[in-house]
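The values are calculated or read from the model by the stated rules, or taken from the named source; none is laboratory data. On a predicted model such as this, the values are computed, not experimentally measured, just so you know. So basically every Cβ, Gly included, is an ideal-geometry build from the backbone, and we count neighbours across all protein chains shown.
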Amino acid sequence: MPTQYPMALTKAAAPAPYRRERDLPALLPLWPHEMQIASLADHARLLARMRRALRVERQRGIAGHWTYDLARHARLLRAYRAETTAYLQRLREPATAAAPA
């Protein structure tokens, strides 16, 4: 007879959706005004900082450094992908708004 496991043990809990205000301060040292993205240039600067942080984290992992944190690396990558998607959507907005109807 197969063993029945509680649902919590059989399925991994899905992570909460990314929210900049909640998730980014734990990943990058940012001032509150740096998280408020007003322009595409601000967003591009934020993405550049995130890329640098990912590169540093990846180098720690490759080197086997004791401060490397796989969970932090995964959260940083997830945040970077979400911010990149948001940035690309912002890039497309003016093109779709200016297109003739």
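If the condition is being more than 16 Å from residue 81 (Cα to Cα) and either within 17 Å of the chain's Cα centre (by Cα) or surrounded by 13 or more Cβ atoms within 10 Å (Cβ to Cβ) (or both), then region 41-60 contributes 42, 56, 60. Residues that are closer than 19 Å to residue 18 by Cα and either among the aliphatic types (A, V, I, L, M) or in a loop (DSSP other than H, G, I, E, B) (or both) within region 39-68 comprise 44, 46, 47, 48, 50, 53, 54, listed in sequence order.
Only a single item in (1) exposed (fewer than 14 other Cβ atoms within 10 Å of the Cβ); (2) acidic (Asp, Glu); (3) at pLDDT 95 or above is not met by residue 21, and it is number (3). Looking only at residues of region 18-33 that are in contact with a Lys or Arg (Cβ under 7 Å, 6 or more places away or on another chain) and in a loop (DSSP other than H, G, I, E, B), we find that the one that is nearest to residue 51 (Cα to Cα) is 28.
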